[in-house]
Amino acid sequence: MNKFERLERWIQEMREDSRVKIVEGKRDKVALESFGITNIKTITKSLQLTAAGVDNPIILTDYDRRGEQIKKRLEELFKDEGKSVDTSYRHQLRLLTGIKYIEEIVPRYNEIKKRYRGEGHGKNLFRHGKVRYSRSNRDGWHS
């Protein structure tokens, strides 16, 4: 499964997961909603209010210092209430896209889609330098 297919699966899982997804701001929320992801809650000035009435949320804060601090604080708040949080989707997204801010998911998705869906289809990969001939390789090809 290539990176684009894994990202598509991540998006599908997020669509199907009914838990609350907590993001930092409106642009993050809009970016995720553009993929059909629902039940997104933005952080308020009081993190306690953000956490109120929420069980086992998915944390999708940014990957900068502020986002890391908010993630840790939310983990502490939920732990103090005897609840857990899910940061696995956040980790997966970072590995798949390399984004720093959640709002960057749309342009990064488009870049990945172009790379994995557009490149190489109907092209002579040898001529375009995507596949090189190698005498050292037994079957003669490598990329």
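Some points to look at:
- Condition met for VAL54 (out of contact with any strand residue (DSSP E or B) (no Cβ under 6 Å at 6 or more places or on another chain), hydrophobic (A, V, I, L, M, F, W, C) and in a helix (DSSP H, G or I)): no
- Looking across region 32-44, just one residue is in a helix (DSSP H, G or I) and aliphatic (A, V, I, L, M), and that is LEU32.
- Against the numbered list (1) surrounded by 15 or more Cβ atoms within 10 Å (Cβ to Cβ); (2) within 15 Å of ILE105 (Cα to Cα), GLN12 comes up short only at (1).
- Residues of region 15-31 satisfying the condition of being farther than 17 Å from TYR63 by Cβ, touching a residue at least 24 places away in the same chain (Cβ under 8 Å) and assigned to a helix (DSSP H, G or I): VAL30
- Test: residue in region 96-105 that is of a type in the set (Phe, Trp, Tyr), modelled with pLDDT of 85 or more and out of contact with any strand residue (DSSP E or B) (no Cβ under 6 Å at 6 or more places or on another chain): yes
- Residue in region 42-62 that is of a type outside the set (Asp, Glu), surrounded by fewer than 18 Cβ atoms within 10 Å (Cβ to Cβ) and closer than 28 Å to ARG115 by Cα present: no
- Within region 32-87, the residues that satisfy the criterion of being of a type in the set (Gly, Ala, Ser) and either touching a His at 6+ places or on another chain (Cβ under 7 Å) or touching a residue at least 12 places away in the same chain (Cβ under 8 Å) (or both) are SER34, GLY36, ALA51, GLY67, SER84.
- Selection of region 58-107 for residues being under 14 Å from ASP28 (Cβ atoms), in contact with a helix residue (DSSP H, G or I) (Cβ under 8 Å, 6 or more places away or on another chain) and in a loop (DSSP other than H, G, I, E, B) yields LEU60, THR61, ASP62, TYR63, ILE99, TYR101.
The values are calculated or read from the model by the stated rules, or taken from the named source; none is laboratory data. Fair warning: this is a prediction, and the values are worked out from it, not measured in the lab. Note that we place each Cβ from the backbone using ideal geometry, even for glycine, and neighbour counts take in every protein chain shown.
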